[in-house]
Amino acid sequence: MLTETTTRNDNEECTAVDDQAWYDLYNWLLPLVEMWVRDSRVSSWYGQHREIAEDIAHEAVMRTFRYHQRAARGEMAPIGSFKALSRVIARNYFRDWRKKDWCLVRSTQEDGEQRTFDAHISSHEIVDAAQIALDHLMLDSIITSVAQAVATFPKGQKVALLTDLANMTDLDSEEPSLLEQALSCVGLQLSDYKRPRPADPATRGRDAALRSIAYKRLKHEIQV
């Protein structure tokens with residue numbers, strides 16, 4: 001009974017620590033995102049900078065959390081730095097949102113204001129750009145290592161893993177993703193592996209097993 005109680009308490013403590021870690025990550029990320037939002041000069045965001053920053057930070061932490069869950073199951077490469085990953089995710093999400101909202105109001109703005117927006121780079125943005133570059137370099141290194149490792153996998157594992165990655169990747173984007181570029185450098189075209197899941201249960205089960213083995217192997221081989 002004492003052992004069961006101790007185990008339960010330990011699990012509750014671990015959960016609390018995990019929850020606190022994600023809460024701390026959100027609180028670390030939010031001021032940074034709010035600074036980006038306030039410096040964005042998107043007129044439709046005026047008066048709601050805080051709310052938009054909260055949405056971006058929350059989405060970035062949630063995506064980081066989902067990645068962490070998959071990495072913990074051996075389905076994805078391990079995360080080297082939660083802060084670096086969440087920062088890059090937030091930055092990309094912020095840029096996409098800013099681009100979309102800017103395009104919506106662009107036609108109603110004067111050319112002078114457009115030039116002001118394009119030329120506007122705050123001192124915060126300049127300082128932040130250096131850190132963003134470092135974060136991207138770290139992620140670039142990881143992705144390059146992933147591509148090189150996958151290229152050496154047995155055919156079955158390689159196909160199962162690349163099919164999963166291809167089905168999760170937006171391959172219709174004008175610019176190839178970092179993963180697509182890295183795989184291309186080792187002779188693999190991610191678009192070649194985009195295909196629907198097999199209808200046959202036996203084939204699906206075999207693919208799932210190969211995919212799981214491939215992700216676990218990748219987790220073992222990639223040291224961050």
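At 0.36 nm per residue, and after removing the present C-alpha to C-alpha distance, how many nm does the segment from residue 24 to residue 43 gain when stretched out fully? Don't jump to the answer; show the numbers that get you there.
Details: separation 19, 0.36 × 19 = 6.84 nm, distance 3.05 nm.
Computed gain between residue 24 and residue 43 is 3.8 nm.
With the highest mean first, a sort of the peptides 88-100, 19-31 on other beta-carbon atoms found within 10 angstrom per residue produces 88-100, 19-31. Around residue 97, with a cut-off of 13 angstrom between Cβ atoms, what is the net charge of the other residues, counting Lys and Arg +1 and Asp and Glu -1? It works out to a net charge of -1. For the pair residue 69 and residue 216, label points projected 7 Å from Cα toward Cβ lie 2.1 nm apart.
Given a Förster radius of 30 Å and the C-beta distance between residue 152 and residue 95 as r, what FRET efficiency does 1/(1 + (r/R0)^6) yield to the nearest 0.05? The partial results should precede the final answer.
On the way: r = 34 Å, r/R0 = 1.14.
After rounding to 0.05, the efficiency reads 0.30.
Taken together, the values in this text are just the output of simple stated rules run on the coordinates, not laboratory data. All values reported here derive from a predicted model rather than from experimental measurement. Don't worry about glycine lacking a Cβ; one is built from the backbone with ideal geometry, like all the others, and counts go over all protein chains shown.
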